[in-house]
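Okay, structure first, notes after.
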Amino acid sequence: MSPCNFKYCYSLLNVLRKVCYITSSYSLITIGSMRPIITELDNNKRGSIRTDVADLVMVKYKCSSNGVPITQTNGSTLPLVPGSSKDAEFGGYNPFDHRTVQYPTTDMETFIHLLKGSLGSGILAMPLAFMNAGLIFGLIATATIGFVCTYCVHILVKSSHKLCRRMQVPALGFADVAEVAFLAGPPAFQKFSGLFRGLVNTFLTIDLLGCCCVYIVFVAKNIKQVMDEYVLDINVRWYMLMMLPLVIAMNLIRNLKYLAPLSMVANFLVGTCMTITFWYVFQDLPPMKSAPFITDWHKWPLFFGTAIFALEGIGVVMPLENNMKTPQHFIGCPSVLNIGMAIVVLLYSTVGMFGFLKYGDKTEGSITLNLPKDELLAQSVKVMIAVAIFLTYSLQFYVPFEIIWKGSKHRFTSHPVLFEYLLRVLLVVGTVLVAIACPNLGPVISLVGALCLSFLGLILPSCIDLVTCWEEPGLGRGYWRLWKNMVIIMFGILGLVTGVYSSMLDIIVTFNQ
């Protein structure tokens, strides 16, 4: 190499070194095998870089949420992120202006999905729950549980909005909220971010796919009861197998917006079933004093175990909110959430109170089983409720599939749409096969649901609220936010214990039979 060329290369290297030194205070930094992070220049200290972990955002959230391919995170082409995350939280960044949803849902469509996600087969068991609580105590406890569950959804969504503004990303899923909250929280909690993300995804997937299996069993058994009475007595597993093509076809719908008509039909059928049921219930209704107002305390765990997990619909909340055209209408007063949950609690309380008042100690596990077996109108209720639960399968399936697909789609880059459909089919077939192999799966899934939903619906939202607000705006005067969340966490532990207790009793009874 000639001296001139060598001198030119040396000068060029010096220039590059100075450029790298200047931009290092305001760029993406990757050290060794550490996870890439985005840092900011602290305007209050000249020449210094902010290293507060509370203001650091994982690259995958910045890139995926703002349309930057994740493959660029190892290079130098990432956009710089100016400003303070705290400033963004207080009005500098509005995540709702940056959301790009291909098929957004309206407020009414979200309201319909919320009702369908909450009005499951649990409403049919509320008379039995009231039998274990009493009329007055059952009403008060149902309203209390409904309020606590709704409030937990509120603080979860509010934490999501706060983190979106703080981190300058348009939307976060349930697992993302858990991970980012701990990652950007106090230093002592940051090491738990990955753990909580994994717990959320695992519990949601197990619980909701388990619900899908139970739905298949529930629909098949209700159809079998009607067919046995009027047509032919065949094994319940054949009905599950005959349902398989219809379930596959329904779950090839990929967007929540296109599932709204199915939820609307399901809500109409549930409403019709409840109307017919009330028509039977209000005939020769006994006086109020014929039923106990409160039962012995040792029966209360069975009530709490049924009511908490009948009212809890935390799994579908974040997907519904993230797919809304106007997500700011989801919480507030009035809001889609408040109106929807008020209707749900009112329906559950009404069915539970009057169902128990009508049938008393003869109340069955599902109120439809108390209806006359020799009347066509009463039998039609079983068919309609079976169809309604069948149409609910897609909404329950949506969340676990999104979790599984999001974690595996990077392996199928050649034909992603084809592989997505194949995965949908395989998962649906898997749930039907599990239902066929174990038609008495309900008590086992109830046990899993007791563990999962207590954590997801009550304990985790309180933990997220604490970690998100720990530094800003703080725990409040007298640490009221800490005590408030600790009460909810204890309530969640109570729900977990009572749910596990009632589920274990069901398992023992089922397997003894």
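The values are calculated or read from the model by the stated rules, or taken from the named source; none is laboratory data. What you see is a predicted model, and the numbers here were worked out from it, not measured in a lab. Here Cβ is always computed from backbone atoms with ideal geometry, including for glycine, and neighbour counts include all displayed protein chains. For the accessible areas, the whole protein counts, side chains as well, though only heavy atoms, and no ligand, DNA or RNA atoms are used. Shrake-Rupley method; radii C 1.70, N 1.55, O 1.52, S 1.80 Å.
Pick out the one residue from VAL399, VAL428 that is modelled with pLDDT of 90 or more, surrounded by 22 or more Cβ atoms within 10 Å (Cβ to Cβ) and part of a helix (DSSP H, G or I).
VAL428
Among the residues in the range 304-324, are any open to solvent by 30 Å² or more (accessible area, probe 1.4 Å), out of contact with any helix residue (DSSP H, G or I) (no Cβ under 9 Å at 6 or more places or on another chain) and farther than 23 Å from THR105 by Cβ?
no
Would you tally the residues in the range 149-176 being under 30 Å from PRO292 (Cβ atoms) and either buried (at least 21 other Cβ atoms within 10 Å of the Cβ) or acidic (Asp, Glu) (or both)?
Of the residues in that region, 1 qualify.
Take the residues in the range 406-421 that are over 17 Å from LEU199 (Cα atoms) and open to solvent by less than 60 Å² (accessible area, probe 1.4 Å), then tell me which one is modelled with the highest pLDDT.
GLU420
Which numbered condition trips up LEU262, out of (1) open to solvent by less than 20 Å² (accessible area, probe 1.4 Å); (2) under 22 Å from the mean Cα position of the chain (by Cα)?
Result: LEU262 passes all but (1).
Go over the candidates VAL345, VAL383 one by one and state the one that is within 21 Å of PHE218 (Cα to Cα) and either part of a helix (DSSP H, G or I) or at pLDDT below 85 (or both).
Unique residue meeting the criteria: VAL383.
Can we say VAL487 is aliphatic (A, V, I, L, M) and open to solvent by 90 Å² or more (accessible area, probe 1.4 Å)?
yes
In contact with a Cys (Cβ under 8 Å, 6 or more places away or on another chain), farther than 26 Å from VAL448 by Cβ, β-branched (Val, Ile, Thr) and buried (at least 19 other Cβ atoms within 10 Å of the Cβ): which single residue out of VAL336, VAL381 fits that description?
Being in contact with a Cys (Cβ under 8 Å, 6 or more places away or on another chain), farther than 26 Å from VAL448 by Cβ, β-branched (Val, Ile, Thr) and buried (at least 19 other Cβ atoms within 10 Å of the Cβ) holds for just one of VAL336, VAL381, which is VAL381.
Does ALA388 qualify as being open to solvent by 30 Å² or more (accessible area, probe 1.4 Å) and either within 30 Å of ASN201 (Cβ to Cβ) or within 19 Å of the chain's Cα centre (by Cα) (or both)?
Taking the combined requirement at face value, the residue does not satisfy it.
Of everything in the range 360-378, what is touching a residue at least 40 places away in the same chain (Cβ under 8 Å), surrounded by 12 or more Cβ atoms within 10 Å (Cβ to Cβ) and aliphatic (A, V, I, L, M)? Give them in sequence order.
Selection gives ILE367, LEU371, ALA378.
Quick check: is even one residue across the range 281-303 in a helix (DSSP H, G or I), over 26 Å from ILE145 (Cα atoms) and touching a helix residue (DSSP H, G or I) at 6+ places or on another chain (Cβ under 8 Å)?
No, every residue in the range 281-303 fails to be in a helix (DSSP H, G or I), over 26 Å from ILE145 (Cα atoms) and touching a helix residue (DSSP H, G or I) at 6+ places or on another chain (Cβ under 8 Å).
Only one of (1) closer than 24 Å to GLU364 by Cα; (2) of a type in the set (Asp, Glu); (3) in contact (Cβ under 8 Å) with a residue 12 or more places away in the chain is not met by ASP284, so which one is it?
Only one criterion in (1) closer than 24 Å to GLU364 by Cα; (2) of a type in the set (Asp, Glu); (3) in contact (Cβ under 8 Å) with a residue 12 or more places away in the chain is unmet by ASP284, namely (3).
Test GLU229 against the stated conditions and say whether it is assigned to a helix (DSSP H, G or I) and either over 27 Å from PRO372 (Cβ atoms) or among the β-branched types (Val, Ile, Thr) (or both).
no
Condition first: modelled with pLDDT under 85 and either open to solvent by 40 Å² or more (accessible area, probe 1.4 Å) or touching a Lys or Arg at 6+ places or on another chain (Cβ under 8 Å) (or both). Now tell me which residues in the range 237-259 satisfy that.
ILE253, ARG254, ASN255, LYS257, TYR258
Please count how many residues of the range 100-130 are over 22 Å from ASN267 (Cβ atoms) and surrounded by fewer than 24 Cβ atoms within 10 Å (Cβ to Cβ).
4
Which one of GLY478, GLY492 is out of contact with any helix residue (DSSP H, G or I) (no Cβ under 8 Å at 6 or more places or on another chain), in a helix (DSSP H, G or I), open to solvent by less than 60 Å² (accessible area, probe 1.4 Å) and at pLDDT 80 or above?
Going through GLY478, GLY492 in turn, just one is out of contact with any helix residue (DSSP H, G or I) (no Cβ under 8 Å at 6 or more places or on another chain), in a helix (DSSP H, G or I), open to solvent by less than 60 Å² (accessible area, probe 1.4 Å) and at pLDDT 80 or above: GLY478.
May I ask you to verify whether PHE196 is farther than 20 Å from GLN328 by Cβ, within 19 Å of the chain's Cα centre (by Cα) and of a type in the set (Phe, Trp, Tyr)?
yes
Just to verify a result, which residue in the range 133-143, among those that are open to solvent by 20 Å² or more (accessible area, probe 1.4 Å) and not aromatic (Phe, Trp, Tyr), is nearest to ASN323 (Cα to Cα)?
By that ranking, first place goes to ALA143.
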